[in-house]
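Please read the structure below before turning to the comments.
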C-alpha cells in the first residue's frame, strides 16, 4: 500500500494562494475521488493555523484544531492530504515543530508558491493599504528595502513585508528532518493561460488537474493605484477600530466600490531603486533552486533578472490626481447613500475632506447596521 502523504502549501502571500484554495474547495469531492483530500476545508485550516501561531499562549487550546486536522490526515482513506494556508509561512521554529509533530509517520512535503518580485512589491503594498497601512507607494518602497539598525524596531511596513516575502527564511525554517522535501512553484506571468498555476500545483501535489472544474473559480479582486491611495488616506481615521470591525467595513467597500474602478486606474510603477532591489530578490529565489535547497515546478524565467532597467523612473510617480479625486468622489457618494444623506458633504474637489467625511459616514452607517442586527 502506498504510504500516506501530506502536502503543506504554505504560501507565500500574494502568489495565487486564494485561487488555488478556491479550486480545491469548489472541487473537494471530485479531488477526493482521486485519493487526494483537502483536509477539513479552507475555513477549518485557517482557524487551526491561526491558533497554532498564537503559541506559546494557551498551548492546549491552540493546538486542538490543528490536531484534529492531523488526525484526519492519519486516518484518511486517500493517499494524499492537502493543507493550503499561506499563514503557515509566518511560522517560527517552535510553530513549525508544533505543525509537524502530530503528522509523524506521514510523508510530509512542503510547497511554496513564489512570484516575480516586480509584481509582488505592488501587490504587497495593496495588502498593506487594506490592513491599516498609511505609507504612500513611494514611501512604502523605501520603508521595505531599508535595512533596520540593530536594536531599532522595524516599521510596520518593513515587518509585514519581510515576514510575508522573505522566502529564503521561510524555506530555512521548514527545512527540518520531518519534511521530506520542499518544492517551489513559480507563478506564471499574467499572459499565461488562467489555469496554468493550478496545473503546476496539481503536478506538484500528484493530482490530475483536469478533475477540477475551474468555471466560477474566483481570483482575489485587485484594486487600482488610486483606490489603494484612497485606503492609505482613510486608514488614519480608522486605526481605532478593532481588527474585526475594520475588516467588516473595508472588505465590502474594496469588493463592491473600489474594485470596479480598477480598469479606469493606473498601476503603481517601481522606481529605479526598487527595480534593482526586485531583480536582486528574484536572483535570490533562483538561487534556492540552483543550490539544490528546493525543487522546481514551473520556470525560472517567471522570476526575471533583466539586464536593462532603464525604463524605470528615478521616482515612482503618484497616482494621477484626477483618478484620486474620482475615487474619493465615488466612495463619498456611496458612503452618503449608505448613511442616508445623499448629496451632502464637502467640496467635490477637496480629496482629503471627501475621504474624512466618507469615513465618518461609513462608520455611522456601520454602527446603525450593527445596532439593527443586535435588535433582531
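Before moving on, here are some points about what is shown:
- Counted residues, the range 69-87 - those being touching a residue at least 40 places away in the same chain (Cβ under 8 Å) and crowded, with 20+ Cβ neighbours inside 10 Å: 8
- Filter pass, residue 4 being loosely packed, with under 15 Cβ neighbours inside 10 Å, over 24 Å from residue 130 (Cβ atoms) and in contact (Cβ under 8 Å) with a residue 12 or more places away in the chain: no
- Odd one out for residue 149, checked against (1) over 24 Å from residue 189 (Cα atoms); (2) over 16 Å from the mean Cα position of the chain (by Cα); (3) at pLDDT 95 or above; (4) not in a helix (DSSP H, G or I): (3)
- Per this entry, residue 57 is counted among residues that are at pLDDT below 95, in the same structural domain as residue 192 (by TED's automatic domain parsing), over 24 Å from residue 167 (Cα atoms) and out of contact with any strand residue (DSSP E or B) (no Cβ under 6 Å at 6 or more places or on another chain).
- Selection of the range 242-276 for residues being in contact with a helix residue (DSSP H, G or I) (Cβ under 9 Å, 6 or more places away or on another chain), within 13 Å of residue 316 (Cα to Cα) and part of a helix (DSSP H, G or I) yields 273, 274, 275.
- Considered as a group, the residues in the range 27-68 that are within 22 Å of the chain's Cα centre (by Cα) and without any contact (Cβ under 8 Å) to a residue 12 or more places away in the chain include one that is nearest to residue 8 (Cα to Cα), and that residue is 43.
- Taken together, 163, 173, 203 contain a single residue that is farther than 20 Å from residue 14 by Cβ, in contact (Cβ under 8 Å) with a residue 40 or more places away in the chain and either assigned to a helix (DSSP H, G or I) or not assigned by TED's automatic domain parsing to the domain that holds residue 27 (or both), which is 203.
- With respect to the conditions (1) assigned to a loop (DSSP other than H, G, I, E, B); (2) modelled with pLDDT of 95 or more, residue 332 falls short on a single one, namely (1).
- Residue check, residue 104 surrounded by fewer than 17 Cβ atoms within 10 Å (Cβ to Cβ), more than 26 Å from residue 245 (Cα to Cα), at pLDDT below 95 and not assigned by TED's automatic domain parsing to the domain that holds residue 238: no
- Scanning the range 49-78 for residues that are closer than 19 Å to residue 178 by Cβ and assigned to a loop (DSSP other than H, G, I, E, B) yields 53, 55, 76.
The values are calculated or read from the model by the stated rules, or taken from the named source; none is laboratory data. Only a predicted model underlies this, so the values are computations on that prediction, with no experimental measurement involved. We place every Cβ from the backbone using ideal geometry, glycine too, and count neighbours over all the protein chains shown.
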